[in-house]
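Student: For reference, the structure I am asking about is given below.
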Amino acid sequence: MNVTKVCVIGAGRVGKLHSGNLRRYIPSGEAAALVDTVPETLTQTGNEYGIESRYTSLDEALDKIEFEGVVITTPTPTHMQLAVMAAEHGKHVFLEKPMAMNLEECDTIIEACEKNSVHLQLGFMRHFDPDFVLAYERVHAGEIGEPMMVKSLTHGPGLPPPWARDLKTSNGNLAEVNSHDLDATRWFMDSNPARIYVEVSNFKGAERGVESENFYDTMMVNLKFESGGVGSISGVCPCDYGYDARMEIIGKKGIMMVGELEGNALTVGIDRDTGLVTPIFSRWPDRFFLAYIHEIEHFIESIQNDTQPKVSGQDGRWAVAGVLAGTKSFLEERPVLLTEVMQE
Ligand SMILES: NC(=O)c1ccc[n+]([C@@H]2O[C@H](COP(=O)([O-])OP(=O)(O)OC[C@H]3O[C@@H](n4cnc5c(N)ncnc54)[C@H](O)[C@@H]3O)[C@@H](O)[C@H]2O)c1
């Protein structure tokens with residue numbers, strides 16, 4: 001079997017997830033090298049997943065070992081520099097969401113990948129989740145008629161790492177947690193968002209020791225799409241009843257829901273062990289277990305077969321535009337046209 005070697009950059013939560021999936025479930029790919037700026041993290045994750053070639057910078061890895069692609073799982077402000085460096089060395093790029101801090105950085109990444117003829121795939125794993133994929137196919141086969149409205153929610157259990165709680169280093173939860181919904185609603189509606197209105201609140205930050213300016217843990221988004229369709233996104237993080245990612249699509253003829261709901265008149269969820277949805281997911285790696293495997297497998301296939309990955313730089317860029325317009329919306333307390341941030 002043709003085995004494609006990749007270098008995993010970032011040995012934190014998601015670096016571990018992808019390294020583990022490559023090792024256990026993706027025989028056509030190999031995490032041949034691991035990069036992390038923190039030596040202890042490098043050693044711990046390297047030992048855990050049997051990755052012997054470990055480096056504290058991408059520079060060093062590029063110098064010392066052969067590989068065809070990179071899987072970038074570092075904090076958002078580092079994405080552009082690492083993706084561009086990898087592309088300039090002819091390496092295919094799998095890049096975790098959110099793509100970058102702003103649209104200029106997104107464009108720089110897209111241009112570098114195009115110029116160096118390497119593939120760029122974004123880590124929006126819902127495109128590889130069996131339930132979401134089936135729902136998309138059935139909606140687009142016309143089963144519920146033309147989509148008029150989409151409602152998406154992601155409620156994430158734990159506080160993200162410190163860098164991801166700060167608007168300045170991550171663009172906050174809208175980017176860190178709910179850019180998946182910005183992407184998935186655009187994907188299902190087959191239309192770009194035109195206007196966004198966001199309200200946010202901070203209920204738990206103080207009691208969890210979060211002092212970052214403008215931190216929010218609760219968020220509601222209203223969207224208007226270019227197609228005329230409307231949408232909403234709800235975000236809660238940290239969410240104490242576990243991990244909850246669902247979607248509802250309302251078409252001219254009917255409704256389709258991704259994620260099960262029990263038929264009770266009243267459903268209450270306050271406990272992460274009991275959960276709310278069936279089966280119970282207390283962590284995001286469990287809910288999207290197959291999707292995380294399929295997305296890296298897809299990246300490896302796109303390298304081996306020289307085909308374009310199905311989640312593109314433009315998909316990443318649109319989600320960042322939604323994050324920027326949404327952040328502007330809650331800071332300025334008004335609906336924001338996407339064209340306002342696209343022109344900046
Ligand atoms: N797809 C998903 O469902 C999902 C879920 C969580 C996080 N993410 C994304 O994955 C990325 C990483 O998140 P995380 O939760 O794993 O973060 P993390 O803080 O747990 O891990 C990041 C790691 O990157 C290392 N690092 C920082 N700068 C580096 C550099 N320049 N070069 C090499 N290593 C560097 C850090 O030392 C750390 O070990 C972020 O973009 C985040 O938004 C995606």
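Student: How big is segment 1-63 on each of its three principal axes, counting only the C-alpha atoms and giving the largest first in Å?
Tutor: 33, 25, 16
Student: Here's another thing I want to ask about it. Projected onto the charge dipole of segment 48-177 (+1 at Lys/Arg Cβ, -1 at Asp/Glu Cβ, origin at the Cα centre), which of His79, Asn116, His155 gives the Cα projection farthest towards the positive end?
Tutor: Looking along the dipole axis, the top candidate is His155.
Student: Explain nothing, just the number: dipole magnitude of segment 288-332 about its Cα centre with +1 on each Lys and Arg Cβ and -1 on each Asp and Glu Cβ, in debye rounded to the nearest 20.
Tutor: Numbers: 3 positive and 6 negative charges, 47 e Å.
My answer is approximately 220 debye.
Student: If you don't mind, there's one more thing I want to ask. Is there a quick way to get the dipole size of segment 199-338? I mean about its Cα centre, with the Cβ of Lys and Arg at +1 and of Asp and Glu at -1; what is the value in debye to the nearest 20? List each step's numbers first, then the result.
Tutor: Working: 13 positive and 21 negative charges, 95 e Å.
My answer is approximately 460 debye.
Student: Give the peptides 142-153, 205-216 in descending order of average Cβ contacts within 10 Å, highest first.
Tutor: Values: 142-153: 17.7, 205-216: 13.5.
Those peptides, ordered most packed to least, come out 142-153, 205-216.
Student: Still on this model: Can I get the semi-axes of segment 268-344's equivalent ellipsoid? Compute them from the C-alpha gyration tensor as square roots of 5 times the eigenvalues, in angstrom, largest first.
Tutor: Working: eigenvalues 184, 152, 9 Å².
After diagonalising the Cα gyration tensor, the semi-axes are 30, 28, 7 Å.
Student: For segment 186-216 and segment 290-326, what is the separation of their Cα centres, given in Å?
Tutor: Centre-to-centre (Cα) distance: 22 Å.
Student: Excluding ligands, DNA and RNA, what is the solvent-accessible area per residue of segment 1-76 at a probe of 1.4 Å, expressed in Å²?
Tutor: Numbers: 3390 Å² over 76 residues.
I get 45 Å² per residue for segment 1-76.
Student: Which residue, chosen from Asn2, Val236, Ala319, occupies the Cα position most advanced towards the positive end of the dipole of the chain, where the dipole is computed from +1 (Lys, Arg) and -1 (Asp, Glu) charges on Cβ about the Cα centre?
Tutor: Val236
Student: Hey, another quick one. For q values of 0.09 Å⁻¹, compute log₁₀ I(q)/I(0) with the Debye formula on a Cα-only model of segment 197-344, without solvent.
Tutor: Debye output, listed in q order: -0.42.
Student: Quick one: divide the alpha-carbon radius of gyration of segment 77-182 by 2.2 N^0.38 Å and tell me what you get.
Tutor: Details: Rg = 16.5 Å, N = 106, 2.2 N^0.38 = 12.9 Å.
Ratio of Rg to 2.2 N^0.38 Å for segment 77-182: 1.27.
Student: Right, here's the next one. Nearest 5 is fine: what % of DSSP beta bridges in the chain come out antiparallel, could you say?
Tutor: On the way: 29 of 55 bridges.
For the chain, the DSSP antiparallel bridge percentage is about 55.
Student: Throw me the Rg/Rh for segment 173-242, computed over C-alpha atoms with Kirkwood Rh, two decimals.
Tutor: Numbers: Rg = 13.6 Å, Rh = 13.0 Å.
Using Cα coordinates only, the ratio equals 1.05.
Student: Take peptides 72-78, 286-292, 53-59, 93-99 and line them up by average Cβ neighbours within 10 Å, highest first, as a rough protection proxy. Mind showing how you got there, number by number?
Tutor: Values: 72-78: 20.9, 286-292: 18.9, 53-59: 16.7, 93-99: 27.6.
Descending mean neighbour count gives 93-99, 72-78, 286-292, 53-59.
Student: Same structure, new question: Which percent of the accessible heavy-atom area of the chain goes to carbon and sulfur, probe 1.4 angstrom?
Tutor: Using a 1.4 Å probe with all protein chains present, the chain comes out at 50 percent carbon and sulfur.
Student: Once you sort the root eigenvalues of the Cα gyration tensor of segment 70-110 as a ≥ b ≥ c, which label holds: rounded (a/c under 1.5), prolate (a/b larger than b/c) or oblate (the other case)?
Tutor: Details: a/c = 1.97, a/b = 1.28, b/c = 1.54.
In terms of gyration-tensor shape, oblate.
Student: Here is a further query. Using only the Cα atoms of segment 3-145, what are the Rg and Dmax in Å?
Tutor: Here Rg and the maximum Cα pair distance are 16.3, 55 Å.
Student: Cβ neighbours within 10 Å, averaged per peptide: list 26-37, 250-261 in order, most packed at the top.
Tutor: Highest-to-lowest ranking by the protection proxy: 26-37, 250-261.
Student: Another one. Any of Lys5/Lys168; Lys252/Lys310; Lys168/Lys204; Lys91/Lys115; Lys151/Lys328; Lys97/Lys151 with alpha carbons more than 23 Å apart? Name them for me. Numbers along the way, then the final one.
Tutor: Values: Lys5/Lys168 34 Å; Lys252/Lys310 27 Å; Lys168/Lys204 20 Å; Lys91/Lys115 12 Å; Lys151/Lys328 21 Å; Lys97/Lys151 20 Å.
Going by Cα-Cα distance, Lys5/Lys168; Lys252/Lys310 fall outside the 23 Å limit.
Student: Let me ask you something else. Heavy-atom accessible area per residue, segment 167-300, 1.4 Å probe: how many Å²? Don't skip to the end; give the middle numbers.
Tutor: Details: 6120 Å² over 134 residues.
The answer is 46 Å² per residue.
Student: Per q in 0.10, 0.13 1/Å, what log10 I(q)/I(0) does a Debye calculation on the alpha-carbon atoms of segment 148-280 return?
Tutor: -0.35, -0.59
Student: In addition: Scale the Cα Rg of segment 40-99 by the rule-of-thumb value 2.2 N^0.38 Å and send over the ratio, two decimals. Could you put the intermediate results ahead of the total?
Tutor: On the way: Rg = 11.8 Å, N = 60, 2.2 N^0.38 = 10.4 Å.
It is 1.13.
Student: Quote the Stokes-Einstein diffusion coefficient, in whole µm² s⁻¹, for the chain, based on the Kirkwood radius over alpha carbon pairs, a temperature of 4 °C and a viscosity of 1.567 mPa s. All intermediate terms of the calculation are to be shown ahead of the outcome.
Tutor: On the way: Rh = 20.5 Å.
The Stokes-Einstein estimate is 63 µm²/s.
Student: Using a simple charge model, +1 on the beta-carbon of Lys and Arg, -1 on the beta-carbon of Asp and Glu, nothing else, what dipole does the chain show about its Cα centre, in debye to the nearest 20?
Tutor: Values: 30 positive and 50 negative charges, 99 e Å.
Rounded to the nearest 20 debye, it is 480 debye.
Student: Go ahead and estimate [θ] at 222 nm for the chain from helices alone: -39,500 (n - 2.57) per DSSP H run with n ≥ 4, summed, over the residue count, rounded to 500. Can you show the working numbers first?
Tutor: Working: 13 runs with 131 residues, N = 344.
Mean residue ellipticity, 222 nm, calculated: -11000 deg cm²/dmol.
Student: Name the residue from Gln308, Gly145, Ser329 whose Cα lies farthest towards the positive end of the charge dipole of the chain, charges +1 on Cβ of Lys and Arg and -1 on Cβ of Asp and Glu.
Tutor: So the residue furthest toward the plus end is Gly145.
The values are calculated or read from the model by the stated rules, or taken from the named source; none is laboratory data. As the structure is a prediction and not an experimental result, all values here were calculated from the model. Virtual Cβ from ideal backbone geometry, glycine too; neighbours counted across all protein chains shown. Just so you know, the surface numbers come from the protein's heavy atoms only, side chains and all, with ligands and any DNA or RNA stripped out. Shrake-Rupley method; radii C 1.70, N 1.55, O 1.52, S 1.80 Å.
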